[in-house]
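Bear in mind that the values in this text are calculations on the coordinates, not laboratory data. What you see is a predicted model; the values in this text were computed from it and never measured. Cβ placement follows ideal geometry from the backbone for every residue including glycine, while neighbour counts extend to all protein chains displayed.
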Amino acid sequence: MGPLVPDFIGEEFNLIAALLIGIAFGYILEQAGFSSSKRLAGVFYGYDFTVLRVFFTAGVTAAVGIILLEQFSLIDAEFIFINPTWLYPAIAGGVIMGFGFIIGGYCPGTSICAAAIGKKDAMIFVLGALAGVFLFAELFPYMVNFYESSSLGAVRVYDSLGISRGLFIIILIPVAVAAFYFTTKIEKKVSTEADGHSFKGGRHFAFATILIAVTLVLALLPEKNEQMLEEASVLAADPAAVYKVMDSDELAFRLLEGDHTMQVFQIKMQNDRDSLLLPGAALLDLKTLAAKEGSVLLGSTFTKKVLVAGDEQTEKEAYQLASLMGYRNLYILKGGMEEFRNSIFARENIEIIRQSDLVLGEFRSDACTRIETMIMAAKAAPVKTGAVKKVKGGC
Amino acid sequence: MKTKYMNPYLAGFFLGVLLIGTFYISGRGLGASGAIKAVTVHTVNVISPEHSQQNGFYAAFNSSRAGNPLRDWLVLEVFGVIIGAFISGLISDRLKFTTEGGPRVKNGMRLIFAFAGGLLFSFGAQMARGCTSGAALTGMAVLSTAGFVTMMAIFGSGYAIAYFFRKLWI
């Protein structure tokens, strides 16, 4: 399962891959005509829309391809680099880049490409770009507040717009097709030598049809994690389903013994008032569990994996989810944290038990004190969460 | 022999497939301005190490992408771009030392504007944390908000000001 870095190929090979990828990148850019500033600038003056055609086709192809890889579990969406958004710096930077594009006639990638085939203006553009980084760095102390402002994290555009991924694709691809169509019309009007004159209508129509068909297929695909979560909640709703159950006393006993064959996973719930984190437990929510971070934590086959949540129903969902992901040796906590609280942490209940069952009462009273101490000690130390290694990326 | 450029849709398709492959292999997208940044920072490191320690921008780069610049993913990728573009130019017979610009611009003027444009573009790319390749195209591939915002800002700004700079190109 991709990405191949860092599990399948090492750092050294990744660098060789970078070189080979770059060669292909440079070759395609040059073949597409991106080594010509006149051609690049044409997109802003209507005489040549090559940039728009190449850029949009590449963007749509890649977006569709990555969605499909994700869908068929060939690539792990949690592991690929999503460039995070700092909204205002992105807008301001983009506006400045627009000036650079019009004035300089290139963008950084295309300038390097054009410089490689001998364009002197491109070589000078690259020098300017080096100077631009230097200028930015020198002014950085005065801009750092702005640079760090309006951070939205690694958000997806459809989430920002508050629509589903399917709907976004339904909008995006026809917009691209319409853009291709209308810009070709514009191009033909503006320039008699434009590429648009030599395009064959039939091929264009076939191309557009394929894109629209792809749109429909993609729009109907559910997001993979959500699909699994849904399935798990259906399975968990079945009253006949069988679960391996651990009760509060056993869990308390194992916690006190420091049982290394057991790992507790505490599932965060929405509106969770329960801030009590069991000692040694990994805290995560169902979504994280469905993603790679969950599978890394759940990795070991031999440990008992106890799924703990505020209520038993959530535990059952987590159980079904983890077993859908192929994990075994799962347990749920009987009655959820609610019951654990009532039997181990409620001193008044313990007193009542003590009167009928002295041994159990003594055990619970002792467990209450010791587990509370363990929790206090754990609070002082950093909490173990679903943090796993990330692939580096970005500009 | 003067050869034609590749069909833009086909080139776009290949570029898209390359991007998918890049994500599949390396878990990241394509870039360009990041390599320019790496070269600049390493140059400053060599010329004045004290200076690069004091400035937050250099310091942040040095703590995250320290070491030999030839072991930097983006630097190697851009090194590849140079080779790939050169091979393409060789095959299609486009290798030539020349200055290219709009019909009304003299070569000297074109070079001054090219420098200014490069400076601005690169400045903006640092601000937006990526350029047309690293932020806009790659961002579009993973449907990131940053990708679409940056792309719209670049092209929106370009179209808004194109009229005022028309003498440079038409």
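One table, with the values for the structure above:
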{"item": "Acute angle (nearest 10 degrees) that the helix A:87-104 long axis makes with the longest principal axis of chain A, alpha-carbon atoms", "result": "20 degrees"}
{"item": "Dipole magnitude of chain A about its Cα centre (Cβ charges: Lys, Arg +1; Asp, Glu -1), debye to nearest 20", "result": "1660 debye"}
{"item": "Neighbour cut-off at most 11 other Cβ (10 Å), DSSP loop, trypsin sites (Lys or Arg not before Pro), the stretch B:18-113", "result": "B:96, B:104, B:106"}
{"item": "Averaged over B:100-113, number of beta-carbon atoms from partner chains that fall within 10 Å", "result": "4"}
{"item": "Mean separation of Cα contacts under 8 Å, 6 or more apart, over the residue count of the stretch B:80-170: relative contact order %", "result": "30 percent"}
{"item": "Helix-only CD estimate at 222 nm, as mean residue ellipticity for chain A, using -39500 (n - 2.57) per DSSP H run (n ≥ 4)", "result": "-20000 deg cm²/dmol"}
{"item": "DSSP-defined beta bridges in the protein assembly as shown - what % are antiparallel, rounded to 5", "result": "15 percent"}
{"item": "Percent RCO, i.e. relative contact order, over chain A, from Cα pairs under 8 Å lying at least 6 residues apart", "result": "15 percent"}
{"item": "Cut-off under 5 Å, modelled amide H: who pairs with residue A:266 long-range", "result": "A:282, A:283, A:284, A:308"}
{"item": "Tilt relative to chain A, helix A:165-190 - C-alpha long axis, 0 to 90 degrees, to 10", "result": "10 degrees"}
{"item": "Listed peptides B:152-165, A:176-189 by packing density, highest first (mean Cβ within 10 Å)", "result": "B:152-165, A:176-189"}
{"item": "Axial C-alpha extent at least 18 Å, average Kyte-Doolittle at least -0.5 - helices from chain B (DSSP)", "result": "B:8-26, B:33-47, B:73-91, B:107-127, B:145-162"}
{"item": "In the stretch A:11-223, lysine pairs with alpha-carbon atoms under 19 angstrom apart (chain gap of 8 or more, or interchain)", "result": "7"}
{"item": "Anisotropy class of the stretch B:15-170 from Cα gyration tensor, a/c 1.5 cut", "result": "rounded"}
{"item": "Cα→Cβ-extended label distance, 7 Å offset, between residue A:354 and residue A:260, nm", "result": "3.5 nm"}
{"item": "Relative contact order (%) - chain B, alpha-carbon pairs under 8 angstrom, separation at least six", "result": "26 percent"}
{"item": "Dipole axis of chain A (+1 Lys, Arg; -1 Asp, Glu on Cβ), positive-most option in A:327, A:373, A:227", "result": "A:227"}
{"item": "Whole-angstrom Cα spans of the stretch A:153-248 along principal axes, big to small", "result": "81, 32, 15"}
{"item": "Pairs beyond 18 Å (Cα-Cα), from B:4/B:96; A:244/A:304; B:96/B:167", "result": "B:96/B:167"}
{"item": "A:27, A:327 arranged by Cβ crowding within 10 Å, fewest neighbours leading", "result": "A:327, A:27"}
{"item": "Neighbour-count ranking [beta-carbon atoms within 10 angstrom, fewest first] of A:87, A:216", "result": "A:216, A:87"}
{"item": "C-alpha long axis of helix A:347-356 to longest principal axis of chain A, angle in °", "result": "40 degrees"}
